[in-house]
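Take a look at the structure set out below.
The values are calculated or read from the model by the stated rules, or taken from the named source; none is laboratory data. In this text the structure is predicted, and so the values were computed from the model without any measurement. Every residue, glycine among them, receives a Cβ derived from its backbone with ideal geometry; neighbour counts consider all protein chains shown. Only protein heavy atoms, including side chains, enter the accessible area calculation; ligands, DNA and RNA are left aside. Shrake-Rupley method; radii C 1.70, N 1.55, O 1.52, S 1.80 Å.
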Amino acid sequence: MFDLLIKGGLVVDGTGAPGALADVAIKDGRIAAVGPGIQGEARRTVDAAGRVVAPGFIDPHTHFDVQLLWDGAAKPALEHGVTSVVPGNCSLSLAPLKAEHRQALVGMFQQIEEMPPEAFTQAFDWTWEDFDGYRRAIEPGLSINVAPLVGHSVIRLWVMGADANQRAARPDEIAAMQAVLRASLQAGAVGMSTSFVDVDERARPVPSRFAAFEELDALSAVLGEFGRMLQIVPEFYATDITIARVDQLAELSIRHGIPTTFSPLFDSAFTPDNVTRVLGRVAEQFARGARVWPQMQTRPIDISFSLLRPSLFFARLPGWVRVLRRPLAERIAALKDPETSAKMVEEAGPDGGMAIFGSLVVRGGDEAPAHLAGRTLEDIAAERGEGAARALINVSLEHGLDVAFVAERRGHDDTGRIGPMLANPLVHIGASDGGAHLASFATYGDTGYLFSEFVRSAGALSLEGAVKKITSDPAQIWGLKDRGELREGYAADVVVFDAATIGRGPERPAFDMPGDGMRYVRDATGVEAVVVNGAVAWEAGRYTDAKSGVVCPLN
Ligand SMILES: [Zn+2]
């Protein structure tokens with residue numbers, strides 16, 4: 001007796017092979033058989049006629065570390081067909097972490113990932129310090145599978161305390177870090193993440209940036225004992241430095257026999273040769289035997305913000321950031337203060353901020369004053385007889401700062417260029433940043449967008465090629481054991497979707513985070529059922545109470 005029989009769908013098995021009409025039988029969390037006309041009783045049968053049946057999607061770059069403590073489905077990732085996520089990217093993870101360092105980590109998460117502090121204080125109890133303890137804290141509640149990275153910055157904090165973001169490590173400290181990393185890998189970490197660009201909430205470089213090469217080399221040697229992943233955030237804004245990082249990763253990959261990955265890799269009109277040059281070097285390094293996987297996201301860069309919260313939109317306007325960091329009442333007072341606001345307007349540029357702010361659009365929906373929704377700030381500013389920066393401040397003040405603006409298509413938005421990049425066999429599709437940047441953009445639906453934009457509209461990838469890119473490719477790159485293919489004996493992570501409609505819904509604000517927790521989300525379209533380790537976790541537009549997710553076993 002099978003537990004589940006998915007009948008009559010177009011089975012796209014994740015290997016890239018052409019889809020074929022077949023049934024998928026599941027028993028004890030594993031795929032029992034794949035083929036046409038499977039006979040035998042099943043506790044449940046799902047009719048998949050006219051639908052695609054594929055392995056569950058894998059998202060290799062997320063920051064669901066915190067959310068997983070109260071939401072084991074990493075909503076809404078799971079409903080988009082994602083059955084496994086990699087949290088712990090960009091040098092940050094929630095373990096190993098001593099109690100006295102919690103505040104320092106929360107500050108970094110807030111700055112880099114734009115998470116509200118309440119997410120760390122109201123939604124769960126800190127019951128762990130080491131990595132195994134974190135694993136035990138999340139595992140019982142998981143509906144999605146998790147392959148967690150351990151963060152280099154927190155390993156440094158554990159060993160060096162307050163010196164972690166002051167200096168290079170001594171040999172004894174490096175040895176201690178190796179031991180902490182080894183214990184984390186033994187407890188199930190899929191690898192280690194590090195960052196060369198991020199700063200904390202006081203604009204100080206994060207601890208991983210103080211590591212000398214000897215330290216990264218010594219930690220990579222430990223990764224090599226297990227054959228596990230090194231993930232980095234390179235200086236992605238500068239092509240030459242990124243290429244130097246590719247070379248460095250290649251050395252570590254070859255010397256220690258490890259896979260490495262870097263993210264993000266963006267296409268942009270400002271540096272049109274960035275991706276070509278970086279991919280050229282990546283190809284040379286693969287030819288030498290290195291594994292250096294660039295991660296590329298599918299979606300264009302859209303950034304939303306209001307003056308209610310600090311936003312990465314203002315990263316290059318420190319004067320604005322200083323004002324927006326203040327508590328609400330003080331912030332409003334500062335924005336109303338003629339001297340302060342004049343300085344902000346001045347910082348926005350000689351054109352009154354038109355170049356930076358003019359093309360911003362007031363978001364539609366509940367939060368926008370009806371007469372402003374959908375209009376550009378340039379248009380609104382002209383009507384008011386003000387510059388763009390001044391209009392941004394005044395319109396916000398007139399509505400209690402609760403006016404949201406969106407900067408649309410600020411890079412990585414040319415489908416004709418990006419399609420072939422995503423199709424390149426050396427490009428690893430990822431970098432959704434799921435669970436982060438909550439008030440700036442929805443990090444969900446990138447997989448749906450892959451199908452709607454790059455398979456259906458542009459034809460840059462075949463259906464089978466796109467499925468492979470987000471199933472067996474990441475499973476093999478990351479060493480996730482028995483995942484990413486619909487094959488007998490493999491874990492039964494399955495998504496049933498409509499190839500004609502799978503996509504991402506419009507970006508909308510949701511208020512489902514702890515505390516003052518607004519975030520942007522996107523609903524899934526065209527995904528009919530999601531199965532995690534044999535249990536139906538999402539179906540017909542709603543979550544079930546299945547808790548069948550696991551911390552992924554590794555090869
Ligand atoms: Zn990240």
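Just a few scattered comments:
- Efficiency of FRET between residue 214 and residue 244 - r from beta-carbon atoms, R0 25 angstrom, step 0.05: 0.90
- Over the chain, relative contact order from alpha-carbon pairs under 8 Å, at least 6 apart, %: 21 percent
- Estimated inter-spin distance, residue 271 and residue 1, nm [label 7 Å along Cα→Cβ]: 6.0 nm
- The orientation-averaged projection of the convex hull spanning the C-alpha atoms of segment 430-555 amounts to 8.8 square nanometres.
- A Cβ-based charge dipole, computed about the Cα centre of segment 217-355 with Lys and Arg at +1 and Asp and Glu at -1, lands at about 400 debye.
- Rotationally averaged projected area of segment 82-183 (alpha carbon convex hull; nm²): 6.9 nm²
- Over the chain, accessible surface divided per residue gives 37 Å², non-protein components excluded, 1.4 Å probe.
- Inter-site label distance for residue 545 and residue 510 at 7 Å from Cα along Cβ, in nm: 2.1 nm
- Summarised as an ellipsoid, segment 257-325 has semi-axes of 34, 14, 11 Å, derived from the eigenvalues of the Cα gyration tensor scaled by 5 and square-rooted, with the largest first.
- FRET efficiency, 1/(1 + (r/R0)^6) with R0 25 Å, evaluated for residue 139 and residue 168 via beta carbons: 0.10
- Using the Cβ-Cβ distance between residue 339 and residue 426 with R0 set to 30 Å, the FRET efficiency from 1/(1 + (r/R0)^6) comes to roughly 0.05.
- Remark on segment 367-408: hydrodynamic radius 10.3 angstrom, per the Kirkwood mean of 1/r across alpha carbon pairs.
- Taken over segment 133-272, the percentage of Cα pairs per 5 Å bin, counting from 0 up to the bin with the maximum distance, is 2, 10, 18, 20, 20, 15, 9, 4, 1, 0.
- Set of lysines with alpha-carbon distance to residue 468 below 27 Å, sequence-local pairs under 8 removed: 7, 27, 75, 481, 547
- Accessible-area composition of the chain, carbon plus sulfur, in percent [1.4 Å probe]: 52 percent
- A probe of 1.4 angstrom, applied to the heavy atoms of all protein chains, finds residue 317 with accessible area near 10 square angstrom.
- Segment 188-252: proportion of alpha-carbon pairs further apart than 17 angstrom, %: 45 percent
- Cα lying deepest toward the dipole's positive end in the chain, options 526, 307, 2, charges on Cβ: 2
- Per residue convex hull volume, Cα atoms of the chain, in Å³: 143 Å³
- Inter-label distance, nm, simple model (7 Å from Cα along the C-beta direction), residue 488/residue 329: 7.1 nm
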